[in-house]
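A short write-up of the structure that comes next.
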Amino acid sequence: MRLLIMGPPGAGKGTQAAIIGEHYNIPAISTGNIFRLAITNRTPLGERIKRIISEGGYVPDRLTLQIVIQRLEEEDAKGGWLLDGFPRTVGQVKALDKELEAHGFHLDAVISLTADEEAIIQRMLKRAEIEGRPDDNEETIRNRMEVYHDQTDPLLEVYGERGLLIEVDGMGTVEEVSARVLAALSERLGH
Ligand code: ADP
């Protein structure tokens, strides 16, 4: 099974991705987590991207693709995966298409978590206090929203046209949302 989960910053993709991954026994791969880990560990990648991330911009496609392709080639990802936070640009969609085609794979579905923008901004500000993510201050959050609408909104149309998009209301408790997501997936995929 090969799935994507999309949605605006703070919509709860990471939380839902972990639940879905566990449910289908596939790794949930988050580019945001990979990047944050690199920053924490002060790796060369981390040093290169920390400023971009703290300002709410996107890591350049070339660098992002290198990281993702490498991750997809690891053993645990051979049988399927759920990608969280990738693709985020039209260029990344094309690169993913190519990668899938090269292996004779296809996407099974793309989950789109929808959310009320002001509510998730408030949620992220709260998260900033708890987790201390460096990109969770108000200015950066507003910038991330803007970048999302500009760069990533168009992807919903692309996957919609391909008939892959499953829209799920992302507002509510974690359990409410995951129940909706799993029900929608099971209906679409028949298992
Ligand atoms: P959120 O969706 O909650 O904003 P993520 O954890 O998915 O957070 O991503 C955090 C940051 O990592 C993004 O704002 C961006 O700077 C960077 N990032 C993550 N995935 C990508 C990607 N596919 N392409 C470019 N930048 C990315």
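The values are calculated or read from the model by the stated rules, or taken from the named source; none is laboratory data. Note that this is a predicted model, so its numbers are computed, not measured. Using ideal geometry, Cβ is built from the backbone for each residue, glycine included, and neighbour counts are taken over all protein chains shown.
What to note about this one:
- Residues that are more than 18 Å from residue 180 (Cβ to Cβ) and touching a strand residue (DSSP E or B) at 6+ places or on another chain (Cβ under 9 Å) within segment 88-122 comprise 88, 96, 100, 105, 106, 107, listed in sequence order.
- Of everything listed in (1) among the hydrophobic types (A, V, I, L, M, F, W, C); (2) surrounded by fewer than 17 Cβ atoms within 10 Å (Cβ to Cβ); (3) within 19 Å of residue 117 (Cα to Cα); (4) in contact with a helix residue (DSSP H, G or I) (Cβ under 7 Å, 6 or more places away or on another chain), the single unmet condition for residue 158 is (3).
- Only listed residue being at pLDDT below 90 and acidic (Asp, Glu), chosen from 161, 187, 131, 146: 131
- Counting only helices (runs of 4 or more DSSP H) that sit completely within segment 78-186, those holding 3 or more residues that are within 18 Å of residue 13 (Cα to Cα) and either more than 10 Å from the ligand (Cβ to nearest atom) or touching a residue at least 12 places away in the same chain (Cβ under 8 Å) (or both) correspond to 117-131, 138-147, 153-161.
- Every residue from segment 93-128 that is modelled with pLDDT under 95 and among the β-branched types (Val, Ile, Thr): 120, 121
- Residue list for segment 19-35, filter: under 19 Å from residue 67 (Cβ atoms) and more than 7 Å from the ligand (Cβ to nearest atom): 21, 26, 27, 28, 29, 34
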